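S.K.: Here it is, the structure, as structure tokens.
The values are calculated or read from the model by the stated rules, or taken from the named source; none is laboratory data. Since the model is a prediction, treat every value here as computed from it, not as a measurement. Cβ sites come from the backbone with ideal geometry, for glycine too, and all protein chains shown count toward neighbours.
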Amino acid sequence: MKILVVDDEADVQPLFLQRFRKEIKNHEIEFNFAQSGEEALDFLKEKHSEVVLILSDINMPGMSGIELLGHIREDFDTPPPPVVMMITAYGDEENHRQAMEKGANDFLTKPLDFILLKEKLKPYSDQ
Amino acid sequence: MLLRRIIKVIKFTTLQAKWSSILNICSIVLWVIFAVASNLLPEVYDTLFAGLCLGGMLYYFKKEADFKMVNSYIVAHYPLVAVSVVTSLAEIVAPDFVETYDDYFEIAILLAFAWIFARWVSTKKQEEEFRAVNEQNLVLDKLVAERTAALTKQKDELQEAVKLLQTTQQQLIQSEKLASLGELTAGIAHEIQNPLNFVNNFSEVSMELIEEMGEELAKGDTEEAMAIANDIKQNLEKIRHHGKRADGIVKGMLQHSRASSDVQELTDINNLADEYLRLAYHGLRAKDKSFNAELITSFNPTLPKVNVVPQDVGRVLLNMFNNAFYAVQQKQKLGIEGFKPTVEVKTSYPAGGKEVVVIVKDNGTGIPEEIKDKILQPFFTTKPTGEGTGLGLSLSYDIIVKAHGGKIDINSKEGEYTEFIISIPAKN
């Protein structure tokens, strides 16, 4: 399963790579990273058919996660549409609502609970 | 005739309630005396006697201060007295003369009576007018008293309102301070969350990795174990890095929230400006992560330390920076091609060494000419409702000019740039 992680914080990469060490080793999941909404869209333009799941932070400089979500739903809606999960700061109700409105599949809060994340990914990895 | 005179006197007394009892008695006595006298004396002496009595009474009344009011009335009786005395004397001395001219004498007496009557009427009228005026005065006095009471009540109410307004103003100023602090803490708390998340996550991951490393070592795969050990080392480095990040942010926040004492301390303005610039930037980015601006700093290394209240001057700089960021943000929203929001801080120590100058310049929306002299006024703001209290610049003015004896100058071109020049006296 190809997962695209979008977050402006660079240290997110080693975190994911280490947390999913086993899964990566077993070729269950492959991670790609983008540090901005723009970067993510550029990546998707090329590799969209392969990417199954997108994990995006909401609070980013430049294009926000919500905006990115909007673009994904508009530009890359050829079925099956990619699953998009939004990550946001604890207690951010407004963003939660907006994300759901724009068509996010799921929602996670920071700090990321990786065990919960792995649970949420399970149904998609069984495809 | 006598009776008439006495009646007049009595009527006269009704005007003086105080004397009424006494005078009533007197008139009765007089009646008696006259009755006796007229019986005893020959007729001619009657009139004379009466006239003299009347004269005596008048004289007495005139003397009494109490009767001053009816003085004119008393005077009115004089002619009668005069005429009756003359008549009676004439009768005694030259009865024939009197007989001949009896008519004239009669007329004279009648005229004297008429005169008294006329005066009586006019006096009465005067008195009525007097009373009417008195009553009016009483009514007016009452009105004035009522008005005064109403005005005093209004004055008290207004004083209360003024007190309430002053209290409210103080509260608003306080809440502006708290709001600016609150905005900052919200932004900063947000900013701290990221580093803290990393600290937590990398710690957890490292614990997992150590377990794995144990397994690999048990298997004998030292290469893999070394690789994992390397990862752990990197993680710890990241934990340190993010921990320091959070530490720096908290320190900055504590500095800002330190209860504002009025204690002046020697402060490095360059450091202060740099610190608060970063605080302002953090705060704004936390609220609006899409916010980006270029920060240019040019700090004069020869700047001496100045005696200021650091939190207060810091607050002023913070306000200036926030305004600058807001301005460039607004201009960016206009979507002008190639616009790069820039905020510049420059410190200088002009020749003469009298003052230290901090310039905050932005290439934002600028200040329109019409509102240039209003912006330092309390509660004046161009921001939409709820976004700004309008107290930032007026508080800054209070701090720099009133508390520190400095200056704030403003240069601006609408649509192009704004420049705030803060001068603080440097005591050598």
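S.K.: I'm trying to understand the selection: among the residues of segment A:102-123, which are charged (D, E, K, R), within 11 Å of chain B (Cβ to nearest Cβ) and surrounded by 15 or more Cβ atoms within 10 Å (Cβ to Cβ)?
M.R.: Once the filter is applied, which keeps residues that are charged (D, E, K, R), within 11 Å of chain B (Cβ to nearest Cβ) and surrounded by 15 or more Cβ atoms within 10 Å (Cβ to Cβ), segment A:102-123 yields only A:Lys110.
S.K.: Given the criterion more than 23 Å from B:His282 (Cα to Cα) and of a type in the set (Gly, Ala, Ser), identify the matching residue among A:Ser64, A:Ser125. Outline the logic, then answer.
M.R.: Working: A:Ser64 fails: more than 23 Å from B:His282 (Cα to Cα).
It is A:Ser125.
S.K.: While we're looking at this one, here's another question. Are any residues in segment B:318-359 part of a helix (DSSP H, G or I) and of a type in the set (Lys, Arg), and if so, which ones?
M.R.: Of everything in segment B:318-359, those that are part of a helix (DSSP H, G or I) and of a type in the set (Lys, Arg) turn out to be B:Lys331, B:Lys333.
S.K.: Only one residue in B:Val121, B:Val133, B:Val199 is more than 30 Å from A:Ile58 (Cα to Cα), among the aliphatic types (A, V, I, L, M), modelled with pLDDT of 85 or more and surrounded by 10 or more Cβ atoms within 10 Å (Cβ to Cβ). Which one?
M.R.: Testing whether each residue is more than 30 Å from A:Ile58 (Cα to Cα), among the aliphatic types (A, V, I, L, M), modelled with pLDDT of 85 or more and surrounded by 10 or more Cβ atoms within 10 Å (Cβ to Cβ) leaves just B:Val133.
S.K.: Against the definition (free of Cβ contacts under 8 Å to residues at least 40 places away in the same chain and either within 11 Å of chain B (Cβ to nearest Cβ) or touching a helix residue (DSSP H, G or I) at 6+ places or on another chain (Cβ under 6 Å) (or both)), how does A:Asp75 come out, yes or no?
M.R.: For A:Asp75, the condition - free of Cβ contacts under 8 Å to residues at least 40 places away in the same chain and either within 11 Å of chain B (Cβ to nearest Cβ) or touching a helix residue (DSSP H, G or I) at 6+ places or on another chain (Cβ under 6 Å) (or both) - is not met.
S.K.: Of the residues A:Gly103, A:Gly62, A:Gly70, only one is modelled with pLDDT of 85 or more, on the phi > 0 side of the Ramachandran plot, in contact with a helix residue (DSSP H, G or I) (Cβ under 9 Å, 6 or more places away or on another chain) and of a type outside the set (S, T, N, Q); which?
M.R.: On inspection, the qualifying residue turns out to be A:Gly103.
S.K.: Which ranges mark the strands (runs of 3 or more DSSP E) fully within segment B:264-317 that have 2 or more residues being in contact with a strand residue (DSSP E or B) (Cβ under 6 Å, 6 or more places away or on another chain) and farther than 18 Å from B:Ile400 by Cα? Give the derivation first.
M.R.: On the way: elements: B:265-267, B:294-298, B:306-308.
Filter on segment B:264-317 gives B:294-298.
S.K.: Determine which member of the set B:Ala259, B:Ala273, B:Ala246 is away from every other protein chain (no Cβ under 14 Å) and modelled with pLDDT of 80 or more. Please lay out each step first, then the result.
M.R.: Working: B:Ala259 fails: modelled with pLDDT of 80 or more; B:Ala246 fails: away from every other protein chain (no Cβ under 14 Å).
Going through B:Ala259, B:Ala273, B:Ala246 in turn, just one is away from every other protein chain (no Cβ under 14 Å) and modelled with pLDDT of 80 or more: B:Ala273.
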